[in-house]
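Reviewing the structure listed below.
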C-alpha cells in the first residue's frame, strides 16, 4: 500500500523564521488536532544579512543543514498536507532565489515567501484557533527580523502591521558587543518606538480588552516571572524589573536571570527592549502568552472542517470521544453546575475570567480518569489534562480547569486551589464548591431524578436548599451531602443545608393530664 495513503490525516507545517526554523506535525484525532512531532533549530538566518540585504553563504548553509533534518519526516506525508513558508529575512534577502533553489531540492516541496501582511493575518488566525476571546484583543509576535502587531475580534483581524524590528536584527544593531547597558537598552527601545509610532492611532482606534504575546520572547519572560514567584501576567513594571536584572549581569555571556533558559539568552535583551517599547507606546496594561501563532495559523488554513467552530467545544468534544466519556452524564453535570453557578453569580462573580465556561468544561471532563482506574480517578483526570493541549483555553484557564477536576470529589487539595494566581484562589475555591455539589447531586445519572436545588450565599457561606422529601427518597445523596459539609469545613469553607432538610418527622405525643 502507498505509504502516503496511510498518512492522509497527518499534516506538517514548516516556518523558516529569521531566528529559528520550526517544523510541526499533527494528526487529526476525533475531530481535533493532536501534535505528534515538534522540531526546532536555531538558525539565526537574519544575522547573515549584510547592509545590501545579501544573505551570507554561512547563514544559508545553516538553513540547508536544518532542512536536511526536516526532510526525513516529510517523505511519507501527502504533498497537499504540507505547507512551508519563509518570513521576514527571506522577504528581505536579494539573493533569496539561491537559498530557495537548494532548499526546495532538499525538501522536495515548494516554499512560499509570505508578505508581512499575510504573516500577521496568519499569526492572528493561529491565536484565534487556540485561544478563545469574547472581546477584541491585541496580539504581538516578536520575530527575528520583524514584529507583527494585530488587533482582532474572534477570527477577524481589524488592524495589523508587520514592523521591521526583530530580536536578531536588534541584537546586531544595538548589542553588537553583547554588552548589556542602560544606553543600549534605551537606544533599542527608542528605535522600536519610532518604528511603531505611525501606527499607534490605528491600533488604539481599533481598541482591545486583552493582550497576548505569540513569540519566544514573551514565553521566556513568562517563564522568568513564574520562576521568580510572580503570576503569568507580563506588565511594564515587571519588564523594567527584568531589564534591571539583565543590566546587572553586564554581558550576554553572563546573563544569569532566574528562569531564563540557555537557548533564549542570545536574543533575550533585544526582544525585551522591543516589548518594552510596545508596552509603553500602546499603553498595554498586561499580557499573557498565546497558545498558538504562525504555525497554527498555517495548519488551520489546511483544515476547513475545523475552522470557524467554537474552539472550546471542539476541544471538549474531542476529549469526550477519545476517553469514552459518558456524554449524557457529562452534559447533565455541566448543566446542573451552570444552573447552580448562575444562582450565586451576582454575589460571587463566577463569570470573571470565563469562570462559568471553565466550570462547564470541568464538569464535562470530571470523569476523564475513569478510563485508567476508579480509585482516585480525579487525580488521573487532572494528570491527563495537565499533559494535554487545550485549544480555546488560556494557560490560566487550563490551570484552573485542572484544579477543579482534581478536586471534584473526596478530600480537597487546598494548595492546588491556592496556586491559581491569575484567576485568583477565591474564584477557584468557589467554582470547586459548585462543581462538587453538581457531581454529588447527579449520582443517580438520570435527568428525571435530579433535585431542584437552590443555592444562596452570605459572604462566603454557602447554603444549599433541597426538598426534604427528595432527600428522604435519596438517603445516599443525603449522607454524601452531610459528608460534603465536613470536606468543605476542613478547607475553611462553610457549607450548610437548609434547615428544612434536617426537620425530623413529627410524631404524635400523648399529653399528660
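The values are calculated or read from the model by the stated rules, or taken from the named source; none is laboratory data. A quick note: this is a predicted structure, and the numbers were derived from the prediction, not measured. Positions of Cβ are backbone-derived with ideal geometry, glycine not excepted, and every protein chain shown enters the neighbour counts.
Report whether or not residue 226 is within 27 Å of residue 44 (Cβ to Cβ), part of a helix (DSSP H, G or I) and in contact (Cβ under 8 Å) with a residue 24 or more places away in the chain. Explain how you work it out, then say what you get.
Working: within 27 Å of residue 44 (Cβ to Cβ): yes; part of a helix (DSSP H, G or I): yes; in contact (Cβ under 8 Å) with a residue 24 or more places away in the chain: yes.
For residue 226, the condition - within 27 Å of residue 44 (Cβ to Cβ), part of a helix (DSSP H, G or I) and in contact (Cβ under 8 Å) with a residue 24 or more places away in the chain - is met.
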From the option list 323, 342, 300, single residue qualifying as touching a helix residue (DSSP H, G or I) at 6+ places or on another chain (Cβ under 7 Å) and over 19 Å from residue 384 (Cβ atoms) is 300
Any idea which residue in region 141-159 is surrounded by the fewest Cβ atoms within 10 Å (Cβ to Cβ), counting only those that are in contact with a helix residue (DSSP H, G or I) (Cβ under 6 Å, 6 or more places away or on another chain) and closer than 13 Å to residue 208 by Cα?
158
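Return the residues of region 232-263 that are outside any helix (DSSP H, G or I) and either surrounded by 15 or more Cβ atoms within 10 Å (Cβ to Cβ) or outside the structural domain of residue 175 (by TED's automatic domain parsing) (or both); say none if nothing qualifies.
Hits for region 232-263 are 232, 233, 234, 235, 255, 257, 259, 260.
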Residue check, residue 97 against (1) at pLDDT 95 or above; (2) under 27 Å from residue 394 (Cβ atoms), all met but one. Which one?
(2)
With respect to residue 197, is the statement that it is under 30 Å from the mean Cα position of the chain (by Cα), at pLDDT below 95 and not assigned by TED's automatic domain parsing to the domain that holds residue 51 true?
no
Filter region 322-370 down to residues that are in a helix (DSSP H, G or I), modelled with pLDDT under 90 and surrounded by fewer than 17 Cβ atoms within 10 Å (Cβ to Cβ), then give me how many there are.
1
Looking at 187, 172, which is the one that is in a helix (DSSP H, G or I) and without any contact (Cβ under 8 Å) to a residue 60 or more places away in the chain?
187
Can you work out which of the residues in region 96-136 that are touching a helix residue (DSSP H, G or I) at 6+ places or on another chain (Cβ under 6 Å) and under 25 Å from residue 155 (Cβ atoms) is surrounded by the most Cβ atoms within 10 Å (Cβ to Cβ)?
123
Could you grab me the full set of residues in region 173-194 that are surrounded by fewer than 16 Cβ atoms within 10 Å (Cβ to Cβ) and within 32 Å of the chain's Cα centre (by Cα)?
186, 190, 194
Residue list for region 26-61, restricted to those being closer than 19 Å to residue 79 by Cα and surrounded by 22 or more Cβ atoms within 10 Å (Cβ to Cβ):
26, 33
Members of region 400-426 found to be modelled with pLDDT under 95, in a helix (DSSP H, G or I) and crowded, with 22+ Cβ neighbours inside 10 Å, listed by number:
400, 417
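Suppose the filter is in a loop (DSSP other than H, G, I, E, B), modelled with pLDDT of 95 or more, in contact with a helix residue (DSSP H, G or I) (Cβ under 9 Å, 6 or more places away or on another chain) and under 23 Å from residue 490 (Cα atoms); does residue 379 pass it?
Details: in a loop (DSSP other than H, G, I, E, B): no; modelled with pLDDT of 95 or more: yes; in contact with a helix residue (DSSP H, G or I) (Cβ under 9 Å, 6 or more places away or on another chain): yes; under 23 Å from residue 490 (Cα atoms): yes.
For residue 379, the condition - in a loop (DSSP other than H, G, I, E, B), modelled with pLDDT of 95 or more, in contact with a helix residue (DSSP H, G or I) (Cβ under 9 Å, 6 or more places away or on another chain) and under 23 Å from residue 490 (Cα atoms) - is not met.
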Condition first: under 12 Å from residue 11 (Cα atoms) and either under 30 Å from the mean Cα position of the chain (by Cα) or in a helix (DSSP H, G or I) (or both). Now tell me which residues in region 64-80 satisfy that.
73, 74, 77, 78, 79, 80
